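J.: So that we are looking at the same thing, I have put the structure below in structure tokens.
What follows draws every value from the coordinates through simple rules; no lab data is involved. Just so we're clear, the structure is a prediction, and the values are computed from it rather than from any experiment. Here the Cβ is made from the backbone with ideal geometry for all residues, glycine too, and neighbour counts use every protein chain on show.
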Amino acid sequence: MTKVYLIDKHIEFCTNCRSCTGQPGTERGRCKISDEMMAILDDLESSDAIVLASPMNFWTVTAVMKRFIERLVCYAYWPWGAKGPQMRRKDKTRQAVIVISSAAPSLIGRLMTKIISLLKSAADLLGARTIGILYVGLAAHEEKQQISGRIKSKARKLGQRLVSN
């Protein structure tokens, strides 16, 4: 098992040069930016399962998660002149679990934001089918918030489901 903390990695902003999207094929495009992103993607591509997690900041994922997600454009084929991008691969060879924490109640976060769909789209681009979502609402009432037994149980079940499939 490998854990990647994006905050500890050197990931530059996408410059929208689209050099990674211009070549046809099923393999991800190569980015011109020299940072740790390609190594992170190599690790993810060799994984059996993925957990994408982010606290909700200002009604969406954190800035570093957004930076990561924007760099996933390399999984699209989008030559100049095309109306829009096409996913390079449509097969889902791994599974994903989405984890979100929020100061807002989970119902409000689920209904009033697009954070879940954004993280599911990221999982899709990474070739993973989302099999579960753990949304932890009201997660900012104390400096050292305790995780409820219900949330721990759901997390355990999602983890078991992730490794058993």
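J.: Please work out whether the range 91-165 counts as rounded, prolate or oblate from its C-alpha gyration tensor, where a ≥ b ≥ c are the square roots of the eigenvalues and a/c under 1.5 means rounded, while otherwise a/b larger than b/c means prolate and anything else oblate?
T.: Oblate shape, in that a/c is at least 1.5 and b/c is the bigger or equal ratio.
J.: Taking every pair of Cα atoms in the chain, average 1/r, invert it to obtain the Kirkwood radius, and report Rg/Rh to two decimals.
T.: Ratio value, two decimals: 0.98.
J.: Oh, and also: So which trypsin sites (Lys or Arg not before Pro) in the range 109-165 end up in coil per DSSP with only 10 or fewer other C-beta atoms within 10 Å?
T.: Sparse-neighbourhood loop trypsin sites (Lys or Arg not before Pro): LYS144.
J.: Now for a different question. Given a 10 angstrom Cα cut-off, can you work out which residue in LEU52, LEU107, LEU119 is the most mobile in a GNM of the chain?
T.: Comparing LEU52, LEU107, LEU119 in the GNM, the peak value goes to LEU107.
J.: Could I ask something else about it? Of all the stretches in the chain, which is the longest one without any exposed loop site, taking chymotrypsin sites (Phe, Trp or Tyr not before Pro) in a DSSP loop (any state but H, G, I, E, B) with at most 13 other Cβ atoms within 10 Å?
T.: 81-165
J.: Also: Please report the net charge: other residues with Cβ closer than 13 Å to the Cβ of LYS32, K and R +1, D and E -1.
T.: Neighbourhood net charge equals +1.
J.: Next question, about the same structure. To the nearest 20 debye, what is the magnitude of the charge dipole of the chain about its Cα centre, counting +1 on the Cβ of each Lys and Arg and -1 on the Cβ of each Asp and Glu?
T.: On the way: 26 positive and 14 negative charges, 129 e Å.
Charge dipole of the chain: 620 debye, to the nearest 20.
J.: Give the residue from LEU72, ILE11, VAL163 lying farthest towards the positive end of the charge dipole for the chain; charges sit on Cβ (+1 for Lys and Arg, -1 for Asp and Glu) and the dipole is referred to the Cα centre.
T.: Positive-most Cα among the choices belongs to VAL163.
J.: Sticking with this structure for a sec: Run the reach check for LYS32 against aspartates and glutamates, Cα to Cα strictly under 17 Å, same-chain hits fewer than 8 apart removed. What comes back?
T.: GLU12, ASP42, GLU70
J.: Now for a different question. Could you tell me the distance between the Cα centroids of the range 47-68 and the range 91-165, to the nearest Å?
T.: Centre-to-centre (Cα) distance: 10 Å.
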